[in-house]
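One structure is given here, and the rest of the page talks about it.
The values are calculated or read from the model by the stated rules, or taken from the named source; none is laboratory data. Here the structure is a predicted model, which means the values were calculated and not measured. Here the Cβ positions follow ideal geometry from the backbone for every residue, glycine too, while neighbour counts run over all protein chains shown.
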Amino acid sequence: MLASLLASHTAPRWWIVFTLTAATCAFVAAAMVLSGIPAWEWRSEHTVGGEQIFMRLDEISAFFLLLLCVVGAAGAIYCRSYWPQQAHPRSAGQGRLWWSALLTSMGLVLTQSNGLHFLLAWESFALSAYFLVTLDRKDPAVRSAGWLYLGASHAGTLALFGFFAALAAQTGSWELGPMTDQASLAPLFWIALLGFGIKAGVFPLHIWLPSAHASAPSHVSAIMSGVAIKMGIYGLVRFSTWLPLPVEAGWVVVGLGCASAVLGVAFALGQHDLKRLLAYHSVENIGIILIGLGFAMIALDHGRPQWGLMALAGGLLHVWNHGLFKALLFLGAGAVLHSTGTREMSRMGGLWKAMPWTASLFTLGAVAICGLPPLNGFVSEWLVYRGLFDAARLKSAAAVGAVPAAILLAVTGALALACFVKVCGVVFLGAARTKCAQDARECDAGMRAGMAILAAGCLAVGLAPAFIWPSLLRVAQAWLRIGPVPGVPNHLEPLGVAHPLLALAILALGAAALAMLRGRCRRAVTWDCGYSAPSARMQYSAGSFAGIITAWFAWILRPVVRADLPVAIFPARSAINSHTPETVLESVIYPAGNRVLRVADFVRTFQHGRVQSYLIYLCAALVVLAVAVILYTE
Amino acid sequence: MPLYIDIVLRLLLWLLLAPLLPGIINKVKAWVAGRQGPPVLQLYYDLARLWRKSVVLSTLASPGFIIAPAVAWTAVVAAALLLPLAGAGAAFSFDGDVLLLIYFLALARFCTAWGAMETGSAFEGMGAAREVSFAVLAEIGIITAVLTLVVQSGSIALSSMFEPLPGPGAALLAVGLFIILLAENCRVPFDDPNTHLELTMIHEVMVLDHSGPPLAMILHGAAVKLMLFCIFLAQAVLPLSELPLLISVAALAGSVLLITVAVGLVESLTARLAFKRVPLLLTIGFLFCLFPLILTWMGES
C-alpha cells in the first residue's frame, strides 16, 4: 500500500499494480480471518504520540476490510478510464495519491486498537476523502459541497474526540478492547452515536451526504457511499459490543434506522439529479442496516435470543451488499455522466441503445438495491425481516417495535422499487430526450471492468448465500460476545436453493422467449392509443413519475414548484420546474446558522475601534464587578 | 409421491386452472347485466390465439421488452408454487418463505413496470407510476396481514402459518385482504380490466404496447396472480388445513369460486373509484388488516 502511495504521482501503471496487489493481500488476510483462523494481533515496540502501536484484525474488522478491498480495487480500475491522465493532467495524479491515502487510512481505522491512533487514522481518512471529493475544485458547487462535508465531518470528529478522551479518562488508558464490565461507561455511547452517526449519514445527520456524493467524481462517490459511510457503521458495531449499552440504545438506533430508511427513499424519489438520488438511497440503506443492528442491541439486552442473531446477521450482510450494489450504481451513473455530460435525468432517455453494457449492469444493481430475489439485496433484507418476524412470532417484549419496523421495511422496499423503476425507465429506456443523450457512447473496457467486478459480487452473494453464512455467523457471534456455538443451522440454505433455481428459470424462459420470437417481430412506432407522431418530450419524466409519492411526503420533502401554466385561448410558452431541497439543511441548519451569525453581527457593533467607548466599557465592567463583590461578600 | 412429480402436478394445476377465474368473473358480470356474455373458457381461446400471433414491437423497445414479461410470469408462478393448498400442504416449505412470496410478486411488478417504460409512451409511464405508487399501500396491507397470521400461528413458514383467527378477527382480515386482492389484481373499483383507453387506468394501461406471446404471458400471469390471492385469502380466513385431504381441497376450490363470484358482483354493482380515492380505500384495506393484528396480540397476552 505504501508503495502505491509513492508511485501514485509519477507512474499510473505501477500505481494500479501496487494498489491491486495491496488490495489482494488485504483481501486474503481478511478472508482468512473470516474463515476461522484466530484474530491477528500486532504490538509494535515503537510509539506514536507516546502510545504503543497496537493493531488487531479480528472478525468484525475483517468483515469491513473485505468490502474495502473489493470496492477499492474496482474503483482503482475504473478511475484509470474515468479520470485519466490525459483529460485531467493536474488532478489525476492527486486523485491517485488521495485514493491510496484513503484506502490506507480506512484500513488503519479498521485495525487500530488504540484510541489515539484510531482518531489519527479517522482524521486522515476524513481529510483524504475531502481532497477526493474536491478533485474538480474549479466548480463552485464542488467547493461548497466539499466545505459542507468538511464541516460536518469535523463536527463528527469533535464528538469522537470527546468520546475517546472521556473513555481514556475513565479507563486510564487509550487502549481499546471489551470493557462491558464498567457500567459507568454506558452514557458515552450517545456521544459515539452522534460522531459515528454523522459519518454514516443517519437521518437527520445526513446533511452533508447528498451534495458531497453528487459532486464528487463517480469513483469517489462509489467508495464514499459504498465504504466510507460504513466506517460510521463500523464504529457503531465496534463500540456497541465493546461498551456497556444504555437500555434505550437499541430502541433509539431502531428509531433512527426506521426514519432513515423511509425518509431516505422518500427524498430520493424527489430528486432529478441521478447521483443525488443515489446518495439519498445510501441514507435509506444505512437505515436498514441500523434496524438490524438496533434489534441486535435490544436482543443483547433481552439475553441474546435467536432473533437478535438473525437481525444482526442481516444488518451486517447489508453492509456488504449495499457496498457492492451502491458502488456499482455510482460507477454506472459515472459512465452515464461521462458519456452524456449531465446528471439531470430529464435530459437522458433511451441510453440502452448506445450503452447496452452500462444499462444491463446498472439494472442488475437496481434490482439488487430494490431487494428483489434472486440478488444479494434480498438476502440481507430477508435476514432482517426474519429477525423481526421471529421477534413478533415469539411475542417477546421487543415485538412492539418489531411489527412497526417490519411494516416500515416493507414500505421502504416498495418505495425503492418505485424509485428504481423511475431511474431505469427515465435514463435508459424510451427515447432520447436531448441531443446529449442521442450522442451517448458506451464507456470503455476499464470502466466496464470496474462495474463487472462489483456486479459479480452482487451475483455471488445473491446466488450462493449459503457459503457466506459461516463467516457471517462468526462475525455475529463475535459481536454478541459468545464463542463459536456449534449446531446453529445454516439459515441461508433455503435461499441458496431457491435463488439459483429462480435465476435458472428466468434465464431459460427469457432466452426461450427471445429465441422463439426472433423471426416473428415487426417494428412499428409506439402505438400509444393511436398517437401517430409521438415525440420524446411527451414521455413521462422523472418528476411526473414520482409525483404521486412525493405528494404523500410533501410534509417533509417541501418540493418547490415553479409553474408557468398555459393561460388564455392561444397560450404562450409555458414551463414547469420542480425541485426538492434538502429540508434538514435548508429549514433547520441554515436558519439556525443565520441566527448565530446575526447575533455575532450584533455583538460586533460593540467593537468599533473608538478608545473612548472602550474606556467606558472598562469602567462599567469595574463598577459591575465592584457591586457584585460587595453584594456577595455580605 | 416423489417431490418432482408433486411439483409438476401443482404446476399443471396452477397453469391450467388459473385462466378459469377471469372467465367466471366475466360470466357473473354478464348474468347481473342480463347478457349472455363470453364463454367461461374465453381466456383459454384468447391465450391460444395470442400464442400463435407475431409481435409488433415499438421502435424504441429493447430486448428487455420481451424478456420482462417472461421474468414476471416466472416470478408469479414461482410465488404460486410456494403457496400451500389446504390439506395438500406445500411441495416445499421453509421458515421465511412467505417473504420470498411477497418479493417474488414485487419482482413481477418491477418487470411489468420496466416493460411499460420501454415504449416511451406517456400513457404507459403514467400507468407504471400509478402501479408502483399504489403498490406501496397494498404492500403495507399485505405485510400487516402476514404479520397477523404470524402472531396468531407462531410460525413464519407458509405451510404452518394458516391458522385462522377466531370470529371477528377473521372477518376483518377477510375484508382487508379482499380489498387488497381487488387492488393488486386491477379489478373495479381500483381499475377497470375492460377498457384500455382511459386516462384513469392503472395496471391495464401498462400493457398497451404488448402483443402476441408476451401479451399472452402477461394475461396468464395476471390470472395466476388472481388465483394466488384467492387461495391466500381463503386459507387465511378458513380453517381448511384441519380437514381431511380431499374435503379440504374441495372446500378450498369452493371458496375460491365464491371469492371469484364476489369479485364479479363487486365489479357489476360498483363503479370505478375517483382516482384520488384510491389511496383512501387502500388505507382502509390496511386498517382492516391492522385491527386483527391488534386483536390477536391483545387476545392472548
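The table below gives the values:
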| read-out | value |
| --- | --- |
| Residue in region A:582-601 that is part of a strand (DSSP E or B) and surrounded by 10 or more Cβ atoms within 10 Å (Cβ to Cβ) present | no |
| Filter pass, B:Leu100 being among the hydrophobic types (A, V, I, L, M, F, W, C), more than 26 Å from B:Pro244 (Cα to Cα) and either surrounded by fewer than 24 Cβ atoms within 10 Å (Cβ to Cβ) or facing chain A (nearest Cβ under 10 Å) (or both) | yes |
| Test for A:Ser339: is it free of Cβ contacts under 8 Å to residues at least 40 places away in the same chain and at negative phi | no |
| Unique match (being facing chain B (nearest Cβ under 10 Å) and more than 26 Å from the chain's Cα centre (by Cα)) among A:Ala399, A:Ala418 | A:Ala399 |
| Output for region A:522-533, where each listed residue is more than 7 Å from every other protein chain (Cβ to nearest Cβ) and either in a loop (DSSP other than H, G, I, E, B) or at negative phi (or both) | A:Tyr531, A:Ser532, A:Ala533 |
| Residue match in region B:271-279 (condition: touching a Cys at 6+ places or on another chain (Cβ under 9 Å), under 24 Å from B:Leu105 (Cα atoms), crowded, with 18+ Cβ neighbours inside 10 Å and of a type outside the set (Ser, Thr, Tyr)) | no |
| Residue list for region A:352-381, filter: farther than 19 Å from A:Ala418 by Cα and at the interface with another protein chain (Cβ under 10 Å from one of its Cβ atoms) | A:Trp352, A:Lys353, A:Pro356 |
| Inter-residue pairs, beta-carbon under 8 Å, first within 16 Å of B:Phe94 (Cα to Cα) and in region A:369-397, second assigned to a loop (DSSP other than H, G, I, E, B) and of a type in the set (Val, Ile, Thr), 6+ apart | A:Arg386/B:Ile156; A:Phe389/B:Ile156; A:Asp390/B:Ile156; A:Arg393/B:Ile156 |
| Conditions (1) free of Cβ contacts under 8 Å to residues at least 12 places away in the same chain; (2) within 22 Å of A:Leu454 (Cβ to Cβ); number of the one not met by A:His281 | (1) |
| Region A:243-258, subset part of a helix (DSSP H, G or I) and surrounded by fewer than 19 Cβ atoms within 10 Å (Cβ to Cβ), residue nearest to the chain's Cα centre (by Cα) | A:Gly255 |
| Hits in region B:103-119 (condition: of a type in the set (A, V, I, L, M) and facing another protein chain (nearest Cβ under 7 Å)) | B:Ala106, B:Leu107, B:Ala113, B:Met117 |
| The lone exception for B:Lys29 - which of (1) touching a Ser or Thr at 6+ places or on another chain (Cβ under 9 Å); (2) away from chain A (no Cβ under 14 Å); (3) in a loop (DSSP other than H, G, I, E, B) it fails | (3) |
| Some residue of region A:102-117 being over 27 Å from A:Val33 (Cβ atoms) and part of a helix (DSSP H, G or I) | no |
| Top-ranked residue of region A:271-289 - restricted to ones that are out of contact with any strand residue (DSSP E or B) (no Cβ under 8 Å at 6 or more places or on another chain) and within 18 Å of B:Ser133 (Cβ to Cβ), ranked as surrounded by the fewest Cβ atoms within 10 Å (Cβ to Cβ) | A:Glu284 |
| Residue satisfying all of: in region A:478-521; surrounded by 14 or more Cβ atoms within 10 Å (Cβ to Cβ), more than 7 Å from chain B (Cβ to nearest Cβ) and not in a helix (DSSP H, G or I); modelled with the highest pLDDT among these | A:Leu492 |
| Unmet criterion (only one of (1) touching a Pro at 6+ places or on another chain (Cβ under 7 Å); (2) under 27 Å from B:Val150 (Cα atoms); (3) of a type outside the set (Ser, Thr, Tyr)) for A:Ala466 | (1) |
| Index of the failed condition, B:Leu85 passing every other in (1) away from chain A (no Cβ under 14 Å); (2) touching a helix residue (DSSP H, G or I) at 6+ places or on another chain (Cβ under 6 Å); (3) modelled with pLDDT under 90 | (2) |
| Count of residues meeting criterion [within 21 Å of the chain's Cα centre (by Cα) and either surrounded by fewer than 16 Cβ atoms within 10 Å (Cβ to Cβ) or among the small types (Gly, Ala, Ser) (or both)] in region B:16-43 | 6 |
| Hits in region A:428-478 (condition: farther than 30 Å from A:Leu492 by Cα and of a type in the set (Val, Ile, Thr)) | A:Thr434 |
| Only listed residue being buried (at least 24 other Cβ atoms within 10 Å of the Cβ) and outside any helix (DSSP H, G or I), chosen from A:Gly292, A:Gly264, A:Gly349 | A:Gly349 |
| Complete set of residues in region B:62-77 that are touching a residue at least 60 places away in the same chain (Cβ under 8 Å), more than 30 Å from B:Val256 (Cβ to Cβ) and at the interface with chain A (Cβ under 8 Å from one of its Cβ atoms) | B:Ile66 |
| So A:Leu337, is it surrounded by fewer than 24 Cβ atoms within 10 Å (Cβ to Cβ), at pLDDT below 95, assigned by TED's automatic domain parsing to the domain that holds A:Leu472 and assigned to a helix (DSSP H, G or I) | yes |
| Which listed residue is free of Cβ contacts under 8 Å to residues at least 60 places away in the same chain, on the phi < 0 side of the Ramachandran plot and part of a helix (DSSP H, G or I), from B:Ile259, B:Ile294 | B:Ile294 |
| One residue from A:Leu110, A:Leu66 being under 17 Å from A:Val475 (Cβ atoms), surrounded by 14 or more Cβ atoms within 10 Å (Cβ to Cβ), in contact (Cβ under 8 Å) with a residue 60 or more places away in the chain and touching a Ser or Thr at 6+ places or on another chain (Cβ under 7 Å) | A:Leu110 |
| Some residue of region A:206-226 being among the aliphatic types (A, V, I, L, M) and outside any helix (DSSP H, G or I) | yes |
| Flag if A:Leu388 is within 10 Å of chain B (Cβ to nearest Cβ) and part of a helix (DSSP H, G or I) | yes |
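Table: residues versus (1) touching a strand residue (DSSP E or B) at 6+ places or on another chain (Cβ under 6 Å); (2) surrounded by fewer than 24 Cβ atoms within 10 Å (Cβ to Cβ); (3) assigned to a loop (DSSP other than H, G, I, E, B).
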| position | (1), (2), (3) |
| --- | --- |
| B:Ser62 | no, yes, yes |
| B:Val71 | no, no, no |
| B:Gly115 | no, no, no |
| B:Met126 | no, yes, no |
| B:Val132 | no, no, no |
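Residue-wise test of (1) over 22 Å from B:Ile284 (Cα atoms); (2) facing chain A (nearest Cβ under 7 Å).
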| position | (1), (2) |
| --- | --- |
| B:Ala79 | yes, no |
| B:Phe92 | yes, no |
| B:Ser121 | yes, yes |
| B:Ala128 | yes, yes |
| B:Ala157 | yes, no |
| B:Leu172 | no, no |
